[in-house]
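Reading through the structure tokens given below for one structure.
The values are calculated or read from the model by the stated rules, or taken from the named source; none is laboratory data. What you see is a predicted model, and the numbers here were worked out from it, not measured in a lab. Every residue, glycine among them, receives a Cβ derived from its backbone with ideal geometry; neighbour counts consider all protein chains shown. With ligands, DNA and RNA removed, areas are computed over all heavy atoms of the protein, side chains included. Shrake-Rupley method; radii C 1.70, N 1.55, O 1.52, S 1.80 Å.
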Amino acid sequence: MRRDVAGAADLPALYGFAQRIWSPGGRWHVGELAWNLGQVPDGRPEWPMALWEADGSVLAWGWVVRPEDELSLLVDPARPDLVDEVLDWAGTVTTGPLTVTVLDTERHLVAALLRRGHTADHGGTFLLAHRRDLDELPPVPRLPAGLTVRPVRGEADLVRRTAVHREVWHPSQVTEERFRNVSAGWPYRGEFDMVVEAPDGRFLAYCLGWYDEVNRVGVLEPVGTLAEFRGQGLARATIEAVLRAFREAGARTALVSSRGDDDYPVPRQVYAALGFTPYARTVRYRRR
Ligand SMILES: CC(C)(COP(=O)(O)OP(=O)(O)OC[C@H]1O[C@@H](n2cnc3c(N)ncnc32)[C@H](O)[C@@H]1OP(=O)(O)O)[C@@H](O)C(=O)NCCC(=O)NCCS
């Protein structure tokens, strides 16, 4: 019942599965999958991926990133036995020792890893998962004179939208073609992709939100302000605009993950300032 993920045609099944098993302690919101996988929807040779299915339902997913040999996985909590199958498969597509990254709240995955002799490595870089509820939102703050916050307008904004992302994350792998792919596919919606625009039309900051209407939860991925415009409230303006758009769409909760280690502390301070609370962290498991 395992099959390799062959390309874009398989992504809806994966996304639907992620929504079906999503829980507050889960690592992968459908938007985070779409941001990572939808840019190159036909897959990459260094990213082997497989789905496990029965009776037309997806029950598990595994994704190995080489050459790091790092496995990410989703397994239906009702079928914890499949964790073994995903780990066995990952062992066949890696050359070095396997690293498995999970959220510490994914108890069924952690239990299986410990049972198989993997041990937790809490050192190094890690991601901190944050959430905030959307009951009470402050008004979107005023920006410095001349700047406006607004949702992107599709293809007309594509070049500038890609440019602001690339400049924030330089050197970035996100090209115009990749941004076009991800924004053409479900579940991207421009109303959750907010930018700050300067009078000359340049985009100075952005926050890309993704909404899962099944679970009524939005996620921010990614967020950025050009270096020379930081500390002026631009991220606050884009993020709060996305939070309001989530709430108008029916969301009850918003999530965001950021680095949690002290080597890259600013984003977690920004999310704390914006009312987010950490609730889980990623942990790497390896076999001795
Ligand atoms: C994280 C980032 C988007 C913040 O953008 P920004 O426009 O400078 O943030 P803002 O000015 O809107 O600040 C928002 C809040 O965070 C706080 N904050 C901002 N920078 C901070 C810093 N360096 N240290 C501590 N707090 C900080 C601000 O005090 C503000 O809170 P306040 O309004 O209560 O004062 C920006 O630093 C960035 O693009 N970094 C590189 C990309 C990145 O790491 N993105 C996050 C991925 S998870």
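For Trp169, indicate whether it is modelled with pLDDT of 95 or more, away from the ligand (no atom under 14 Å from the Cβ) and assigned by TED's automatic domain parsing to the domain that holds Pro144.
Working: modelled with pLDDT of 95 or more: yes; away from the ligand (no atom under 14 Å from the Cβ): no; assigned by TED's automatic domain parsing to the domain that holds Pro144: yes.
No, not satisfied.
Filtering the stretch 155-169 to residues that are open to solvent by 50 Å² or more (accessible area, probe 1.4 Å) and either among the charged types (D, E, K, R) or under 20 Å from Ala241 (Cα atoms) (or both) leaves Glu155, Arg160, Arg166, Glu167.
Of all residue pairs spaced 6 or more apart or on separate chains, those with beta-carbon atoms under 7 Å, a first member in the stretch 132-148 that is surrounded by fewer than 11 Cβ atoms within 10 Å (Cβ to Cβ) and a second member that is modelled with pLDDT of 95 or more are Gly146/Ala198; Gly146/Pro199. Can you confirm whether the stretch 140-162 contains a residue that is outside any loop (DSSP other than H, G, I, E, B), within 14 Å of the ligand (Cβ to nearest atom) and not hydroxyl-bearing (Ser, Thr, Tyr)? Scanning the stretch 140-162 turns up at least one residue that is outside any loop (DSSP other than H, G, I, E, B), within 14 Å of the ligand (Cβ to nearest atom) and not hydroxyl-bearing (Ser, Thr, Tyr).
All of (1) closer than 28 Å to Thr253 by Cβ; (2) touching a Leu at 6+ places or on another chain (Cβ under 8 Å) hold for Thr125 with one exception: (2).
What's the number of the only condition in (1) open to solvent by 20 Å² or more (accessible area, probe 1.4 Å); (2) in contact (Cβ under 8 Å) with a residue 60 or more places away in the chain that Thr238 fails to meet? The one condition Thr238 does not meet is (1). Restricting attention to the stretch 201-213, the residues that are more than 7 Å from the ligand (Cβ to nearest atom) and in contact with a helix residue (DSSP H, G or I) (Cβ under 6 Å, 6 or more places away or on another chain) total 8.
Of all the residues in the stretch 115-131, those that are part of a strand (DSSP E or B), open to solvent by 60 Å² or more (accessible area, probe 1.4 Å) and among the charged types (D, E, K, R) number 1.
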